[in-house]
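All remarks here apply to the structure that follows.
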Amino acid sequence: MIQMAIAMHGLPKADLLRLAGGAGTSATVGRLCAAERSKHILLLHTVIAEAESRFPEAHAALELADAWEFLSRVQRCAPATVADVLQMPQLGAWAVGCLFRMEHTDADSTALRADLAQVGAFAAVAGLRAGVAFDLPVAPVDGRLVLPGLGPLSTSVRGPCRLLYSGGKLELVTGGTTVPVTPPRPITVAVQHAGLTWEVDIDFSTPSLDCFRHRRLETVDRAEAREWSERIAGAWRILAVHHRSDAESMSVSVRTLVPLEADGRGSTVAATSASAFGAIATTLPSDDLVLAETLVHEFQHLKLCSVLDLLPLVDSVPGGLFYAPWRDDPRPPGALLHGVYAYLGVTGFWRTQRWHLSPGQALRGHAEFVRRRAETLAAAEDLLASGRLTAEGRRFVGEASRRLRAWERDPVPEEARRLGLNASLEHRAVWEVRHVAVSPDTVRRLVGHWTARRRPRPSDWSGAPHRVRPAARSGPRIRERLLTLRYVDPRRFRELLETEGPVGGGGLGLGAADAALLRGDLDAAAAGYREEIRRHPAAPEAWAGLVLAMDGRSDPAAALLRRRVPLVSALYAAIRASGGAADPLELAGWLAGRASDGRTP
């Protein structure tokens, strides 16, 4: 049997704090890798034991016990090779999926046997890499026989078969016919820069890596493969020179990239999976810098997945939804924790990278840093105040919060600060109007005060309870994209805005208020948004636009609107529904206890 000398894996406090700060040494990440390898051993053992218990005929026909014993034999002569196979993300993803599928079926079937036959496929990979002869049953998936992490065999296979390997020759036995086959070779990109090497496989074919909720690319031509290699090399140059700690840790743990199909909108789509430690899935990013940022972002998710296998950081109580600045939908605490940790890494990336960009890109770097710093810190503070973290979770998020607060002392050019925080404010305001439901009792009480022309006391609304509505995610929003484009690519932003004309209605589909806002005519924008709100009292986009148009003014109405836009919008809608009349800014000034200063139309 494979030696099950699996010690209780833990995470020393010093390692937890280093990881919580966003990095962690390669030695710390190496300990996470060892824990994941032990998890994979247990998963593989559980698959075989479960098959023997529930599907004994399939277990016997596929010779699963023999495959296990073969792995044990290879381990004795090539322990490093077997350790490498056992740590494959393909194995973890397959084992978790296989156990799930066994749990949800009671019948032996061709599909189940093809799934279980992957035990033989992984054993064959170990034998090929170690040069140890074998005779193992395998089965195709969707008409293709794929050796995980290596690639598909060139010969088409329709049913159960056997793989034989001896004397350096690989043969496929199917239907009484023996066919010599060439062992597949993985597409490996080996990049070296500044004395640091990263070897990563590009996996287009292993079925178990269909676990990222995005469509995987099935194949690429030579030109596309070269483009992937060049992009990986360019991203590695950035990481190896300017983000050394991340690069060193990545080089010992991230072993597979899974290409995803483009989403058709030109944005980068990337993902990781808790069951596939060591794999990052992504579309081909537009440039080396985007891939470098993407790798840092997704690597943070991988590290946190492994930490969560060792320590619970969030309680198991269901319920609770929170604002996540990087998502349009409300998120549960566990998902918010993942976002905080991922964007802690992204913030650190831009904190350093902004000083190493060309003059044309510097604005982007500074704005990304200040935006992600503010957003991630706010989300971390929300988690700390949520009461949903375990003791280790409070320690972990508290350390992340301390790191972000220390970064608040870092200088940022004023234009970058304004543009980055403006884009952040727009996203939050839209989300709050869409998802935050103010207590109906509070709204009714305030409507009564408004109708009676009484000034409300802050106690009438300041502690008003609310709930988060799990509304459906919205589609792409052009204003949000343009606010980001202002600092990502100012030249392109100006070109697009010129197509709109002075009052919008051009190819971008901007309204007059949005066009005025993006051109910097804030008075015209405020007037336009107030008119939009008059026509559509509950429109999140119009309310958020008004928040932006009023941002930075000393008017008490503007300050309250920014802090309490869900309350103002809910109260306005209720007044209008009751047949009353109100102006959004007048209403905000009334809640603030003072009238608007009159500088807005």
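The values are calculated or read from the model by the stated rules, or taken from the named source; none is laboratory data. Worth saying up front: this structure is predicted, and the values here are computed from it rather than measured. Here Cβ is always computed from backbone atoms with ideal geometry, including for glycine, and neighbour counts include all displayed protein chains. To get the accessible areas, we keep the full protein, side chains included, count just its heavy atoms, and leave off ligands, DNA and RNA. Shrake-Rupley method; radii C 1.70, N 1.55, O 1.52, S 1.80 Å.
Quick notes
- Compared with the alpha-carbon gap, the fully stretched path from Arg158 to Arg144 is longer by 4.3 nm at 0.36 nm per residue.
- The chain, accessible area per residue, ligands and nucleic acids excluded (1.4 Å, Å²): 43 Å²
- Taking the longest Cα principal axis of the chain as reference, the axis of helix 26-54 is set at about 60 degrees.
- Estimated inter-spin distance, Ser229 and Arg213, nm [label 7 Å along Cα→Cβ]: 3.4 nm
- Against the chain, whose longest principal axis comes from its Cα atoms, helix 414-435 is set at around 90 degrees.
- The chain: calculated mean residue ellipticity at 222 nm from DSSP helix runs of at least 4, using -39500 (n - 2.57): -18000 deg cm²/dmol
- If R0 is taken as 45 Å, the Cβ-Cβ distance between Arg491 and Ser554 corresponds to a FRET efficiency of 0.85.
- Stokes-Einstein translational diffusion, the range 418-466 - Kirkwood Rh over all Cα pairs, 1.002 mPa s, 20 °C, in µm²/s: 168 µm²/s
- Cα centroid of the range 159-234 to Cα centroid of the range 295-363, whole Å: 30 Å
- Whole-Å semi-axes of the ellipsoid equivalent to the range 76-180 (Cα gyration tensor, √5λ, descending): 22, 19, 10
- Between His104 and Arg222, the FRET efficiency from the beta-carbon distance, with R0 = 35 Å, is close to 0.30.
- Each residue of the range 265-282 is assigned a 3J(HN,Hα), and the resulting list reads 10, x, 8, 7, 10, 9, 7, 10, 9, 4, 8, 10, 4, x, 10, 10, 9, 7 Hz, derived from the Karplus form 6.51 cos²θ - 1.76 cosθ + 1.60 (θ = phi - 60°), x at Gly and Pro.
- Using the alpha carbons alone, the radius of gyration of the range 40-127 stands to its Kirkwood radius in an Rg to Rh ratio of 0.96.
- Sorting Arg351, Arg364 on solvent-accessible area from highest to lowest, probe radius 1.4 Å, gives Arg351, Arg364.
- Antiparallel beta bridges, as assigned by DSSP with both residues in the chain, represent about 85 percent of the total such bridges.
- Nearest 10 degrees, 0 to 90: helix 222-242 Cα axis against the chain principal axis: 70 degrees
- Among Leu421, Thr451, Leu510 - extreme Cα towards positive end, dipole of the chain, charges at beta-carbon: Thr451
- For the chain: relative contact order, % (alpha-carbon pairs under 8 angstrom, 6 or more apart): 10 percent
- Dipole magnitude (debye, nearest 20) for the chain, charges at Cβ of Lys, Arg, Asp, Glu: 2060 debye
- Carbon and sulfur %, accessible surface of the chain computed with the full protein complex present, 1.4 Å: 51 percent
- Cα gyration tensor shape for the range 242-305, rounded if a/c is under 1.5, else prolate or oblate: oblate
- Distance-filtered residues of the range 309-330 - backbone nitrogen under 18 Å, label point 7 angstrom along Ser267 Cα→Cβ: 323-330
- In this simple spin-label model, placing a label point 7 Å from the Cα along the Cα-to-Cβ direction at both Asp287 and Glu69 gives a separation of 6.0 nm.
- Whether the chain is rounded, prolate or oblate, judged on the alpha carbon gyration tensor where a/c under 1.5 counts as rounded: prolate
- Relative to the current alpha-carbon distance between Ile478 and Glu52, full extension at 0.36 nm per residue lengthens the span by 147.8 nm.
- Rg over Rh [alpha-carbon atoms, Kirkwood Rh] for the range 400-528: 1.07
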